[in-house]
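A.B. asks: First, the structure itself, so that you have it in front of you.
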Amino acid sequence: MGSSLGGMTAHGIPYERVRRWSRPLLTDRAIRRDLARFLRSTQKDTCLRAAERLRHFDPPALVAWARRTGGCRPRPADASPNCCRGGDTSRSPGPGRWSPMDNPEALARELRRFIGESG
């Protein structure tokens, strides 16, 4: 059986995994309360303000994207390293949209490369 998150990956996400991820939210009232408090306190421009502050971020930063980004067109993805001074971009090979699930080995290689170059 598939899941509602299946479109995020090349081969879908097993239903049981999604259940395991969401179980705490569904079964723990304190987690639901904390999530609701967080969502109510987040202002609409929070992400925009954070992105603006990234322009002053000096340390090396890797922006890793899958080849197929799904919700983000390639052009904004390619421009994203410019959001900070030390930005570097990487595109994972393969058909997936979510590199940690679809191609974790390629993402790990990219991280090792970046860390090795960044010292």
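A.B. asks: I'm trying to understand the selection: among the residues of the range 91-117, which are modelled with pLDDT under 75 and either under 28 Å from His56 (Cβ atoms) or not basic (Lys, Arg) (or both)?
C.D. replies: Arg91, Ser92, Pro93, Gly94, Pro95, Gly96
A.B. asks: Can we say Thr46 is surrounded by 10 or more Cβ atoms within 10 Å (Cβ to Cβ) and hydroxyl-bearing (Ser, Thr, Tyr)?
C.D. replies: So Thr46 fits the description; yes.
A.B. asks: Give me the pairs: first residue in the range 4-30 and outside the structural domain of Pro104 (by TED's automatic domain parsing), second residue modelled with pLDDT of 90 or more and of a type in the set (Val, Ile, Thr), beta-carbon distance under 7 Å, and six or more apart or on different chains, which are they?
C.D. replies: The qualifying pairs are Pro24/Ile31; Leu25/Ile31.
A.B. asks: Name the residues in the range 8-30 that are surrounded by 13 or more Cβ atoms within 10 Å (Cβ to Cβ) and among the aliphatic types (A, V, I, L, M), would you?
C.D. replies: Of everything in the range 8-30, those that are surrounded by 13 or more Cβ atoms within 10 Å (Cβ to Cβ) and among the aliphatic types (A, V, I, L, M) turn out to be Met8, Ala10, Ile13, Val18.
A.B. asks: Still on this structure, please answer the following. Please indicate, with yes or no, whether at least one residue in the range 50-62 is of a type outside the set (Gly, Ala, Ser), modelled with pLDDT under 75, part of a helix (DSSP H, G or I) and surrounded by fewer than 16 Cβ atoms within 10 Å (Cβ to Cβ).
C.D. replies: No, there is no match, as no residue in the range 50-62 is of a type outside the set (Gly, Ala, Ser), modelled with pLDDT under 75, part of a helix (DSSP H, G or I) and surrounded by fewer than 16 Cβ atoms within 10 Å (Cβ to Cβ).
The values are calculated or read from the model by the stated rules, or taken from the named source; none is laboratory data. Small disclaimer: the values here were computed from a predicted structure and weren't measured. In this analysis, Cβ positions are derived from the backbone assuming ideal geometry, glycine residues included, and neighbour counts consider all displayed protein chains.
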